[in-house]
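Okay, so here's the structure we're looking at.
The values are calculated or read from the model by the stated rules, or taken from the named source; none is laboratory data. Note that the coordinates shown come from a computational prediction; the quantities given were computed from them, not determined experimentally. Heads up, the Cβs are rebuilt from the backbone with ideal geometry, glycines too, and the neighbour counts pull from every protein chain shown. For accessibility, only protein heavy atoms count, side chains too; no ligands or nucleic acids. Shrake-Rupley method; radii C 1.70, N 1.55, O 1.52, S 1.80 Å.
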Amino acid sequence: MPRPKFFITTAIDYPNSRPHIGTAFEKLGADVQARYRRMHGYEVFLLMGNDENTVKVAKRAAELGQDTKAYCDDMARQFREIWNALDISYDVFVQTSEERHAHCCRTFIQKVFDNGYIRKDFYEGWYCDGCESFKTEKELIEGKCPLHPNMTAVRRKEPSYFFEQSKFQDWLLKFHEEHPDFVQPESRRNEILEYIKDGLRDVNITRVGETWGIRVPWDQEFTIWVWFDALLTYMTGIGYASDDAQFQKWWPADIHFIGKDITRFHCALWPAMLHAAGLTPPKMVFGHGFVYKKTEEGVLERFSKSLGNVVDPMDVVTKFSAEAFRYFFMRECPFPGDGEFSWQRFADVYNADLANKLGNTYSRVVTLVGKNFGGTLEGTASWVPETIDANVDLPTLIREISEHVEACQYSQALQKLVLQCLTPANQYLDTHAPWKLVKTDLAAAKKVLFNVVQPLRVAAILLKPFIPRSAEAIYRSFNFATPWEEVRYDTAATGELAGDLKVLAKLEDGKPTPMFPQIKSG
Ligand SMILES: [Zn+2]
């Protein structure tokens, strides 16, 4: 039986500066979904990339005295270095300055032109020389661009090609009606429908006189402008116009993960563009929330270079670990909504969940079994673990967590896991204190240790998409019968042992390698 396919994309980023933690947040959410789907039998393709054909990027390279392409390549290397450090399991990374992308865009735009949905006209609007771009009335403050208050925006009129988005209004409304799950989270759906009903305008899709960018194939004076270039990244990476079999295999995308601020382009313009080219729209667009920085005074601000509050993901990874980074953001920031970051909160969540509950429970069990039972709990091969919290029904808990992950409600999934699996396990250990029992009643201690391995096993499986390395280390520390490569959520409730329970982890001075050492305050 062929495996079901799952094609995921993330938004592509401007490489005019290094990624900050808000950028990383999106890639993490996509990666968790990709890893979850892979665990459950899907053949997954995760596409990422950088958005390089913009005036901003060319300007930044010029400021640094670098060749634009060389600058883009170096930034792409830096981006990938961060994604690799965070264990983002992408399958392809597209740079829009690559020739294969230019070829994809030329083929696509030509198709839409041939189908009669692109017309030549004039574009007229307010132009900021500082930004080298047109501004809408709304963006200007007293006739000036807020980024360049010492320049007055000027009226400018130039020839341009337009995509006739207005022709797709009725089709789009019908499309959204027939695909009620297309916009996620659902709360953003109404806004999109209102926007479409309000009347769609034709979209200016070219620029004249630019040297950096992809030329319009039938009119070389023009370059392709922004969306008709950027959105097509999703198709370049799976072979549109270069590898038809590959493209047919993966298209349409199952989920486009994007920031909520660009939902409109993905939910109106993009399906219309695809329809105009005779292609099927994606199955779902997921507009995630933003991460805000919480200052020491408790004020929330957006991460921005100009505020000087950018946190480089590499700093967190180097100082703690990729796993700690992944866990914090998925646990603390609701993916569909907004979240906050502060170093204090980071330390609190890390210590409470990872160091105290997960790390400590794991280390206690492994150490005690190693030290007092020679690493093997003899005679336990056929034992069935006792439930350590009578209020928790394990199959129900797993099913609920699974539903949260599938709906990208990652923080709800992890909170539930902590509350109903890790906290009870930790409390169970504290209550039964096997470190004392081993001195008085070895048989009772054996039972307690055996029982607490069950929640550790379940947690390792459920945490696999979130903190893959630590989850694997925990799981492989014991002789569970199911190979790590084959664990799944839906079979996590029961797990057999390959014989008597054994600790396989390497111990040093009787202890496992500390997984999440406490962050000391101050
Ligand atoms: Zn400006």
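Answer yes if at least one residue in segment 379-387 is touching a residue at least 40 places away in the same chain (Cβ under 8 Å), of a type in the set (Ser, Thr, Tyr), outside any helix (DSSP H, G or I) and surrounded by 18 or more Cβ atoms within 10 Å (Cβ to Cβ), and no otherwise. There is at least one residue in segment 379-387 that is touching a residue at least 40 places away in the same chain (Cβ under 8 Å), of a type in the set (Ser, Thr, Tyr), outside any helix (DSSP H, G or I) and surrounded by 18 or more Cβ atoms within 10 Å (Cβ to Cβ). Restricting attention to segment 148-168 and to residues that are open to solvent by 40 Å² or more (accessible area, probe 1.4 Å), away from the ligand (no atom under 16 Å from the Cβ) and not charged (D, E, K, R), the residue that is nearest to Asn115 (Cα to Cα) turns out to be Ser166. Considered as a group, the residues in segment 86-105 that are part of a loop (DSSP other than H, G, I, E, B) and over 30 Å from Phe466 (Cα atoms) include one that is most open to solvent (accessible area, probe 1.4 Å), and that residue is Glu98. Taking (1) open to solvent by 20 Å² or more (accessible area, probe 1.4 Å); (2) more than 16 Å from the ligand (Cβ to nearest atom); (3) over 28 Å from the mean Cα position of the chain (by Cα) in turn, Glu186 satisfies each apart from (3).
Checked against the criterion of being free of Cβ contacts under 8 Å to residues at least 24 places away in the same chain and part of a helix (DSSP H, G or I), segment 224-245 contains one or more residues that satisfy it. Can you find even one residue in segment 451-473 that is aliphatic (A, V, I, L, M) and open to solvent by 10 Å² or more (accessible area, probe 1.4 Å)? Taking every residue of segment 451-473 in turn, at least one turns out to be aliphatic (A, V, I, L, M) and open to solvent by 10 Å² or more (accessible area, probe 1.4 Å). Kindly indicate whether any position in segment 107-130 is among the hydrophobic types (A, V, I, L, M, F, W, C) and farther than 30 Å from Lys157 by Cβ. The answer is no, given that none of the residues of segment 107-130 is among the hydrophobic types (A, V, I, L, M, F, W, C) and farther than 30 Å from Lys157 by Cβ.
The residues of segment 280-311 that are polar (S, T, N, Q), over 25 Å from His176 (Cα atoms) and free of Cβ contacts under 8 Å to residues at least 40 places away in the same chain, listed by number, are Ser304, Ser306, Asn309.
Note on segment 106-147: among residues that are assigned to a strand (DSSP E or B) and open to solvent by 80 Å² or more (accessible area, probe 1.4 Å), the one that is nearest to the ligand (Cβ to nearest atom) is Ile141. Of all residue pairs spaced 6 or more apart or on separate chains, those with beta-carbon atoms under 6 Å, a first member in segment 146-163 that is within 25 Å of Phe228 (Cα to Cα) and a second member that is among the charged types (D, E, K, R) and more than 16 Å from the ligand (Cβ to nearest atom) are Lys157/Glu124; Tyr161/Lys120; Phe162/Arg119; Phe162/Asp121; Phe162/Asp202. Within segment 189-206, residues that are open to solvent by 40 Å² or more (accessible area, probe 1.4 Å) have Cβ atoms under 8 Å from residues that are of a type outside the set (S, T, N, Q) and assigned to a helix (DSSP H, G or I) in these pairs: Arg189/His176; Tyr195/Arg264; Tyr195/Ala268; Lys197/Leu173, counting only partners at least 6 apart in sequence or on another chain. For segment 33-69, a residue qualifies if it is of a type outside the set (A, V, I, L, M), over 21 Å from Phe247 (Cα atoms) and open to solvent by 60 Å² or more (accessible area, probe 1.4 Å), and the qualifying residues are Lys56, Lys59, Arg60, Glu63, Gly65, Gln66, Asp67, Lys69.
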